[in-house]
Amino acid sequence: MSILLSIIVPVYNVGSFLPKCINSIISQTFTDFELILVDDGSTDNSVEICDAAAKKDSRVRVIHKENGGVVSARKAGLSVAVGKYAGYVDGDDWIDEHMYEHMVNAMEKYNCDMVMCDVEHENKSVPLSSGSTHINISGGYYNREQLENNVFPKMIYTGVFYKFGIYPVIWNKLYKREKLIKHQMAVDDDIRTGEDAACVYPYLLECDSLYFLENLSLYHYRRSRTQMTVSYDSSYFDCFKSLYEFLSNSSIANSPYSNQLEYYYSYLAKTAISNELKKANSVSIKTKLNHIREICTFADEKGFIDKTDISSLPFFHRMYFKLIKRNRPFLLTVCINIVRFWQSFFR
């Protein structure tokens with residue numbers, strides 16, 4: 001029997017949150033779906049939760065695999081999916097009970113290649129992480145001409161730095177499965193920074209139509225203070241370099257909208273430097289400065305900051321990028337720490 005929708009959930013050690021995620025999917029008002037839970041080598045009770053869900057509901061399938069990261073988990077789920085449409089939900093998030101009813105209805109009515117909804121950020125204790133955000137186009141239907149005129153030119157960079165036109169998350173969108181396969185399977189498994197963007201933007205550029213469900217925050221995104229401000233990712237810069245190589249050879253780089261990538265790369269370079277200065281990074285200040293110097297050198301060699309117009313940026317962002325271009329890791333450290341102190345003081 002044909003299935004209209006495949007919902008894929010990558011799962012890795014999210015046992016505390018997974019029951020709420022699964023229940024929000026099982027309780028959808030739209031019922032013609034399969035739920036594929038991909039256990040990516042979990043070592044907590046996520047394994048048991050997945051298996052129990054499959055026993056209770058025949059629409060649930062479970063894949064158990066060795067840990068390979070979220071991209072490999074998404075690929076594993078997509079490779080066995082059979083739905084006409086496909087969507088992703090992260091295992092620590094949850095969705096509104098009407099989410100896929102709204103999305104599938106729009107897909108069917110307009111024969112869209114993609115449908116998007118707004119996102120509700122659920123951690124009210126983290127500044128700028130609550131409320132619905134991230135879609136910066138008007139709601140409604142877009143044909144190919146409208147996409148080329150109104151969406152693609154600002155999909156990554158809207159003219160305001162750090163503000164995407166189409167935020168590159170993969171999970172607030174619904175896709176045609178056959179079209180998604182091409183773009184998801186092309187993403188390298190070792191891309192673990194910007195892995196959503198590596199799939200979403202190339203897919204978007206091939207869309208002939210899109211529908212945005214404006215003012216419907218149907219996806220509930222959970223992000224902790226630890227994720228945002230505390231935890232240090234020692235692999236971030238290497239992951240950024242992998243993403244850079246991938247996107248530099250993607251359809252975006254060969255499109256009329258390639259200049260937007262320079263802003264994205266600059267954003268990621270600044271984020272990589274900020275990552276090195278997190279308190280959880282226990283290496284010596286000398287080592288931190290050497291790592292920051294490597295990031296500045298990479299930015300200089302690739303030239304993306306030189307191609308980024310910083311004239312309209314706020315003062316501190318202009319200063320950051322001038323110091324990156326001049327490879328001044330110590331002054332970058334001082335500036336970023338001053339801004340962090342200032343922000344915490346007025347928080």
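Size descriptors for region 174-322: radius of gyration and Dmax over Cα atoms are 17.3, 51 Å. Taking only protein heavy atoms and a 1.4 Å probe, the accessible area of the chain is 50% carbon and sulfur. Sort out for me the Cα centre separation of region 30-47 from region 297-347, rounded to whole Å. Taking the Cα centre of region 297-347 as reference, the centre of region 30-47 is 41 Å away. For region 145-253, the Cβ-based charge dipole about the Cα centre amounts to some 440 debye (Lys, Arg positive; Asp, Glu negative; other atoms uncharged).
Positive end of the dipole of the chain (Cβ unit charges, origin at the Cα centre): among Tyr211, Thr287, Val334, the Cα lying farthest that way belongs to Val334. Taking 30 Å as the straight-line reach from the Cα of Lys288, the lysines in range (excluding those fewer than 8 positions away in the same chain) are Lys163, Lys241, Lys270, Lys278, Lys279, Lys302, Lys307, Lys322, Lys325.
Among beta bridges from DSSP that stay inside the chain, the antiparallel ones total about 40%.
Compute the accessible area per residue over the chain, keeping the other protein chains in place, probe 1.4 Å, unit Å².
That works out to 45 Å² for each residue.
Only the Cβ atoms of Lys and Arg (+1) and of Asp and Glu (-1) were treated as charged; on that basis the dipole of region 52-124 about its Cα centre amounts to roughly 540 debye.
Loop-located trypsin sites (Lys or Arg not before Pro) in region 237-320 (DSSP state other than H, G, I, E, B) with a sparse environment of at most 11 neighbouring Cβ atoms within 10 Å: Lys279. Largest GNM mean-square fluctuation among Glu262, Glu120, Glu145, using the chain with Cα springs under 10 Å: Glu145. Relative to the longest principal axis of the Cα atoms of the chain, the long axis of helix 70-80 makes an angle of roughly 20 degrees.
The alpha-carbon positions of the chain define a convex hull whose volume is 135 Å³ per residue. A helix-only calculation puts the chain at -12500 deg cm²/dmol for mean residue ellipticity at 222 nm, using -39500 (n - 2.57) for each DSSP H run of at least four residues, averaged over all residues.
Subtracting the Cα-Cα distance of Val339 and Ser58 from their residue separation scaled by 0.36 nm leaves 95.9 nm. Rounded to the nearest 0.05, what FRET efficiency do Asp188 and Thr287 give with R0 = 22 Å and r taken as the Cβ-Cβ distance? Could you check? For Asp188 and Thr287, the calculated efficiency is 0.20. Farthest towards the positive end of the charge dipole of the chain, among the residues Ile305, Val47, Gly77, is the Cα of Ile305, using unit charges on the Cβ of Lys, Arg, Asp and Glu.
With the simple model of a label 7 Å out from the Cα in the direction of the Cβ, Val160 to Ser79 spans 4.2 nm. Overall, the chain carries a charge dipole of about 1340 debye about its Cα centre when +1 sits on the Cβ of Lys and Arg and -1 on the Cβ of Asp and Glu, all other atoms neutral. The order of Trp171, Trp342 by accessible area, most exposed first and with a 1.4 Å probe, is Trp342, Trp171. Treating each Cα of region 277-347 as one equal point scatterer and applying the Debye formula with no solvent, the log10 of I(q)/I(0) at q = 0.17 Å⁻¹ comes out as -0.69.
Region 232-257 and region 157-194 have Cα centres spaced 12 Å apart.
With all pairs of separate Cα atoms included, region 43-103 yields a Kirkwood hydrodynamic radius of 13.4 Å. Result for the chain in a Gaussian network model with C-alpha springs under 10 Å: among Leu331, Leu78, Leu213, the largest mean-square fluctuation is at Leu331.
Using only Cα atoms, tell me the angle between helix 315-325 and the longest principal axis of the chain; keep it within 0 to 90° and round to the nearest 10. Long axis of 315-325 versus the principal axis of the chain: about 80 degrees.
The values are calculated or read from the model by the stated rules, or taken from the named source; none is laboratory data. These figures come from a predicted structure and were not determined experimentally. With ideal geometry, Cβ positions are generated from the backbone for all residues, glycine too; neighbour counts draw on all protein chains shown. Surface areas here come from the heavy atoms of the whole protein model, side chains and all, with no ligands, DNA or RNA. Shrake-Rupley method; radii C 1.70, N 1.55, O 1.52, S 1.80 Å.
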